[in-house]
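The values are calculated or read from the model by the stated rules, or taken from the named source; none is laboratory data. Keep in mind the model is a prediction, meaning the values are calculated, not measured. Backbone-built Cβ (ideal geometry, glycine too); neighbour counts: all protein chains shown. To get the accessible areas, we keep the full protein, side chains included, count just its heavy atoms, and leave off ligands, DNA and RNA. Shrake-Rupley method; radii C 1.70, N 1.55, O 1.52, S 1.80 Å.
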Amino acid sequence: MSLLARPGVASFAAKSIQRHAVAADRRPSGRGSAAASHGRFPEFPRSVGELTVPTSVAPARFTSTSTVAGT
């Protein structure tokens, strides 16, 4: 049986991975930061929004990207 099959271990792992992802996203610059991911293709206009999806372990944040209409 996998160690992650235990709810306590899975919850701890998911929360710690999420904390690290949030910390990396909030950096002002550098690889993996929000500024770096949003500045990749400035020639393509887009709308970027951050959403949170509730899950059984912890709320999951993700970035939604869509093209801007009329371009």
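Only residues that are part of a loop (DSSP other than H, G, I, E, B) and in contact with a helix residue (DSSP H, G or I) (Cβ under 7 Å, 6 or more places away or on another chain) were counted across region 43-64, and they come to 2. Cβ-Cβ contacts under 6 Å between residues 6 or more apart (or on different chains), taken from a first residue in region 4-18 that is touching a residue at least 24 places away in the same chain (Cβ under 8 Å) and in a helix (DSSP H, G or I) to a second residue that is open to solvent by less than 80 Å² (accessible area, probe 1.4 Å) and not basic (Lys, Arg), are listed as 11/57; 14/57; 14/58; 15/58; 18/58. Put simply, of 33, 47 the only residue that is open to solvent by 50 Å² or more (accessible area, probe 1.4 Å), modelled with pLDDT under 85 and of a type outside the set (Val, Ile, Thr) is 47.
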